[in-house]
């Protein structure tokens, strides 16, 4: 890869990162509208909307589900349990 290819790849990466950030923010807004109490606890744990939205949209585990996916599937209580365990230093 020559330098110009690297520059172009970096531009594309930055553009995608901005799009991902905007998309995560939209998901966060929808999550907060759907589950305001849960969103408040997530925000308390992560301190900023940006960090909370990144966490809410990040996929993890064997199924690759994000916390927002779980809320959308009607499993907000599961996400709330995850948040509370994390807040108290428990993993799992």
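In the chain, the longest principal axis of the Cα atoms and the axis of helix 36-46 are about 60 degrees apart. Calculate the tail of P(r) for the chain: the fraction of all Cα-Cα distances greater than 21 Å, expressed in %. Tail of P(r) above 21 Å: 38 percent of Cα pairs.
For the chain, the longest principal axis of the C-alpha atoms and the axis of helix 76-87 are separated by about 80°.
Computed over the chain with a Gaussian network model linking Cα atoms closer than 10 Å, the most mobile of 14, 59, 70 is 14. Taking R0 as 30 Å, what FRET efficiency do you get between residue 33 and residue 58 from their Cβ-Cβ distance, rounded to the nearest 0.05? For R0 = 30 Å, the calculated efficiency reads 0.90. The calculated FRET efficiency for the pair residue 45 and residue 18, based on their C-beta separation and a Förster distance of 30 Å, comes to about 0.75.
As a rough footprinting exposure proxy, the listed residues 48, 86 were ranked by other beta carbons within 10 Å of their own, and the order from fewest upward is 48, 86. Computed over every Cα-Cα pair of segment 35-81 and binned at 10 Å starting from 0, the pair-distance distribution P(r) comes out as 28, 60, 12 percent. Based on the Cβ-Cβ distance from residue 5 to residue 85, what FRET efficiency comes out when R0 is 35 Å, to the nearest 0.05? Plugging the Cβ-Cβ distance into 1/(1 + (r/R0)^6) gives 0.20.
A short reminder: the numbers here are calculations on the coordinates, not readings from a lab. Because the structure is a prediction, the values reported are computed rather than measured. Cβ coordinates were reconstructed from backbone atoms using ideal geometry, including for glycine residues, and neighbour counts include every protein chain displayed.
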